[in-house]
Amino acid sequence: MLVLGLQGSPRKKGNTAFLLSTFLKEAENLGAVTHTIDVCSRNIKPCMEYTTCEKTGFCPIKDDMDPEIYSMLRQAEIIVTATPIFFYSTPAQLKALIDRSQTLWARKYRLKLTDPGRKWRQGFLLSLGATRGKNLFEGLHLTMKYFYDAVGASYVGSLTYRHIENQGDMEKHPTVLDDIKAEAEKLIGPLMSRKKVLFACRENACRSQMASAFAQYQAGNRMDVLSAGSSPAEQINPTMVETMQEKGIDMAFRKTKHLDDLLNTVTPDIIITMGCGEACPFIPGVKRQDWDLPDPAGQSIEMMRKVRDEIEKRVIKLIDELS
Ligand SMILES: Cc1cc2nc3c(=O)[nH]c(=O)nc-3n(C[C@H](O)[C@H](O)[C@H](O)COP(=O)(O)O)c2cc1C
């Protein structure tokens, strides 16, 4: 359960950084894994309106967006954007990241692909500004609504503070710690009691990726879905991506993961193994089901489709059993 923080202020120890790090600490206390992107220190170029993404689904600009930031945006279950107000909007560096999410917008609205995470991903805003103006956050709320829609998330809430100007002002705010604790618990608390289902195969490039995508798509946020491999490939299988695309499911920017790395951070409730044999872990107290499915890697596209459809059926049955 990943909570991704986007730190949008150029000040590394400023008010925004304090708000975000406090929120993420609460998330960790509740059991979530967190990751922060310090937007202003990353190489993120502005959108040049090439519109290539509307045709191919990929941005031709080479920088930290692709694959890293697009991939993190898709892995996260909760995205927390933290930003100071600059001229009633965000600093330019964060705005560049927001504009570049047009690639994800294009995959959804132009290419009509469904990111399996979009049913459950949530977006939250932390923001502050120096003045007391009534409309201080109006523009930002609209930007956030459409940014979160583009990255496949629902804009579920915000904490905003006025009259915060100098470094250190935010820490002195009388209610900020309680506000953050309450919002983090509201957002993250209910998700921590979900069943954790791990789909594991050898390379984490085909079968376990398809199973996890179908489970995310079908179960929404009723399950914490994980996938990994005992000997992960460098990247996911392009034929698998193509066959999932035939079903309208968007696998772009997904990465492979090593089972050991995953099991260092989380203990699943159930492991579904698909052909990793002896290398698949036995964890005392954790239920295990073995799905005897052939490895479609390197085989015909028909074989990939057959395995895909079988996995989809089994995932639907599994969700039914678990709920
Ligand atoms: C370029 C720039 C533009 C700003 N524009 C606004 C603004 O429109 N309204 C406002 O209330 N504060 C504005 N501020 C003030 C910042 O929002 C404020 O100082 C904030 O506390 C900075 O947060 P940080 O410490 O996280 O960087 C602006 C500051 C800068 C540097």
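In the range 285-304, is there at least one residue being in a helix (DSSP H, G or I) and open to solvent by less than 20 Å² (accessible area, probe 1.4 Å)? Please lay out each step first, then the result.
Our first condition is that a residue be in a helix (DSSP H, G or I); within the range 285-304, this holds for 301-304.
Pick out the ones that are also open to solvent by less than 20 Å² (accessible area, probe 1.4 Å) and you get 304.
Checking the range 285-304: at least one residue is in a helix (DSSP H, G or I) and open to solvent by less than 20 Å² (accessible area, probe 1.4 Å).
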Residue 323 fails exactly one of (1) touching a helix residue (DSSP H, G or I) at 6+ places or on another chain (Cβ under 8 Å); (2) surrounded by 14 or more Cβ atoms within 10 Å (Cβ to Cβ); (3) among the polar types (S, T, N, Q), namely (2)
With the first residue restricted to the range 143-169 and required to be touching a residue at least 12 places away in the same chain (Cβ under 8 Å) and of a type in the set (Lys, Arg), and the second required to be within 16 Å of the ligand (Cβ to nearest atom) and open to solvent by less than 60 Å² (accessible area, probe 1.4 Å), Cβ contacts under 7 Å at 6 or more apart or on different chains are 162/129; 162/136
If we keep only residues of the range 298-323 that are more than 12 Å from residue 210 (Cβ to Cβ) and in contact (Cβ under 8 Å) with a residue 24 or more places away in the chain, then the residue farthest from the chain's Cα centre (by Cα) is 301
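Which one is farthest from the ligand (Cβ to nearest atom), of the residues in the range 168-190 that are of a type in the set (Val, Ile, Thr) and surrounded by 12 or more Cβ atoms within 10 Å (Cβ to Cβ)?
First pass over the range 168-190, keeping only residues of a type in the set (Val, Ile, Thr): 175-176, 180, 188.
Filter again for surrounded by 12 or more Cβ atoms within 10 Å (Cβ to Cβ), leaving 176, 180, 188.
On the way: 176: 13, 180: 15, 188: 23 Å.
Applying the filter and picking the extreme gives 188.
If a residue counts only when it is surrounded by fewer than 21 Cβ atoms within 10 Å (Cβ to Cβ) and more than 16 Å from the ligand (Cβ to nearest atom), which helices (runs of 4 or more DSSP H) contained entirely in the range 70-153 have at least 3 such residues? Show your work before the answer.
Values: elements: 70-75, 92-100, 102-109, 138-150.
Answer list for the range 70-153: 70-75, 102-109, 138-150.
Please indicate, with yes or no, whether at least one residue in the range 12-27 is more than 16 Å from the ligand (Cβ to nearest atom), closer than 30 Å to residue 256 by Cβ and buried (at least 17 other Cβ atoms within 10 Å of the Cβ).
Taking the range 12-27 as the starting set, the residues that turn out to be more than 16 Å from the ligand (Cβ to nearest atom) are 25-27.
Then drop every residue that is not closer than 30 Å to residue 256 by Cβ, which leaves 25, 27.
Then keep just the ones that are buried (at least 17 other Cβ atoms within 10 Å of the Cβ); that gives 27.
Taking every residue of the range 12-27 in turn, at least one turns out to be more than 16 Å from the ligand (Cβ to nearest atom), closer than 30 Å to residue 256 by Cβ and buried (at least 17 other Cβ atoms within 10 Å of the Cβ).
Applying the selection to the range 28-52, what residues are open to solvent by less than 20 Å² (accessible area, probe 1.4 Å) and over 25 Å from residue 91 (Cα atoms)? Break it down stepwise before answering.
First, pick out the residues of the range 28-52 that are open to solvent by less than 20 Å² (accessible area, probe 1.4 Å): 32, 37, 39.
Within the range 28-52, just 32 meets the criteria.
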Considering the range 53-69, residues that are within 19 Å of the chain's Cα centre (by Cα) and either within 16 Å of the ligand (Cβ to nearest atom) or outside any loop (DSSP other than H, G, I, E, B) (or both), and then whichever is surrounded by the most Cβ atoms within 10 Å (Cβ to Cβ), we arrive at 65
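The values are calculated or read from the model by the stated rules, or taken from the named source; none is laboratory data. Treat the numbers as computed from the prediction; the structure is a model and nothing was measured. Counting neighbours? That spans all protein chains shown, and the Cβs are built from the backbone with ideal geometry, glycine included. Heads up: the accessible areas ignore ligands, DNA and RNA and are worked out on the full protein's heavy atoms, side chains in. Shrake-Rupley method; radii C 1.70, N 1.55, O 1.52, S 1.80 Å.
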